[in-house]
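Please treat every number below as a calculation from the coordinates, not as lab data. The structure presented is a predicted model; accordingly, all values stated were derived computationally and were not measured. All Cβ positions, even for glycine, are placed from backbone atoms using ideal geometry, and neighbour counts span all protein chains on display.
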Amino acid sequence: MTDRRSSGAPHARVRKGILAALPLALSLWAATPTHAQLPSTDAGTPADGKAFRILDRIVKEVDKTVLFDGSLARSVTVNKAESGGLTVCINCQNPPASAPQKVPQDGSQKAGETVPAQLGNLLLCDLSRLWNPGYAEGAFVYVNDAGFDADDREYEAFPVGGPDTGTTRVGPLLFVADQKPDLLGPDQPGWSPFQLALRRSGTTYLSPLDGGTRSPRRLRDEEAQSKDDHAAARSHHVRASEWMSRYRPSFSFGNGAAANTLTNAIVLFATGDSKCLLVLDLRKFESKQASYFWAPFHYHQDVHLDDSTVTVEGESDGKEVLYEPTSYVEYPFLIVLGEYARIRVAGARGGPEMTLDVGSCDKCP
């Protein structure tokens, strides 16, 4: 057996070996994804199996509640139709460059800045479809009292998309939105803009929500960024009025269009998969006394206020209705969801009507 400490020649060979391997090591280091490119996650260990099974069950149940997923619009281009009403095209990729940009009233844009077309991602869920899990305090709460892993404990899973994720409830509807990049990123396989995060025994587990094909992951506690990721995996639930104010769109007007009470009432606008989602503040159509309110229990197509009647219409061929969008009334908000919708506002004491048509445009790709 050779004593390596007794000779200096091996040291020279070691130095030469290190120098020879250095270019290869540098190339491998340069090719290694950074944390911004690859999430600090792994598949976990056998001890994590129970958490993954519980999270999988919650994700499957929550996925059934999804009504809409798409992109929040920061800038909305409004044009004037031949009929005199206003129109918004949801499939237009190149809005008119000549249309003036309106600076948001919330001060989020500085003079000279370009208003981005998209603000972030949006997910809309109908919580009335849930039984187990339920929803409380910003989390989906799963009571694990049945199945292979039953232990009669409650597990909370939080919707997350990034460090700026926000959630709110409007009646049975849950809105989840994010203004910043998500945890995985669109360049990752099986990307999903939102995840469900479950914290158990000091560890965070993530699983894609709404049809993601990426496998669930466990955050690596040793990563420097994991502290921020863990902070994101908690409740970000706020009141609807505060939440809506964060996502109010700005409007640009072209072809003779101008702002009116109807456009001022839109507090949220999103598009995705040839569908659109609008949220209107009904208080914009009331008097200061707000002395009257009534809406049908089923198929909220008409909302009657003291100063106005707001109607949601679809497409028709003569007397036959071909298509109707879905609408929900949870005072003070009117939520409209569909491929096409006409919002009509008529004054209770007469006067000209205001209309807004939202849908795909034949002139746009």
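Pulled fully out, how much extra length does the chain show between Ala346 and Lys60, if you take 0.36 nm times their separation in residues and subtract their Cα-Cα distance?
Additional length available on full extension: 98.7 nm.
Using a Förster radius of 25 Å, what is the FRET efficiency between Glu324 and Cys361 based on their Cβ-Cβ separation? Nearest 0.05, please.
Calculated transfer efficiency: 0.80.
Contour minus end-to-end for Asp149 and Glu137, with contour as 0.36 nm per residue of separation and end-to-end as the Cα-Cα distance?
Details: separation 12, 0.36 × 12 = 4.32 nm, distance 2.47 nm.
Going from the current span to full extension adds 1.9 nm.
Where a ≥ b ≥ c are the square roots of the eigenvalues of the C-alpha gyration tensor, would you call segment 238-343 rounded, which needs a/c under 1.5, or, failing that, prolate if a/b is larger than b/c, or oblate?
Note, shape of segment 238-343 comes out rounded.
I'd like to compare 149-156, 84-91, 287-294, 356-363: which one has the highest average count of other Cβ atoms within 10 Å, and what's the full order after that?
Values: 149-156: 13.6, 84-91: 19.1, 287-294: 11.1, 356-363: 16.4.
The most tightly packed comes first, giving 84-91, 356-363, 149-156, 287-294.
Compute the FRET efficiency between Glu339 and Ser201 as 1/(1 + (r/R0)^6), taking r as their Cβ-Cβ distance and R0 = 56 Å, and round to the nearest 0.05.
That gives a FRET efficiency of 0.80.
What distance in nm separates the simple spin-label points at Ser215 and Glu82, each placed 7 Å from Cα in the Cβ direction?
Reported label-point gap for Ser215 and Glu82 is 5.8 nm.
Would you please classify the overall shape of segment 244-299 from the alpha carbon gyration tensor, given that a ≥ b ≥ c denote the square roots of the eigenvalues, rounded means a/c under 1.5, and beyond that prolate means a/b larger than b/c while oblate covers the rest?
In terms of gyration-tensor shape, oblate.
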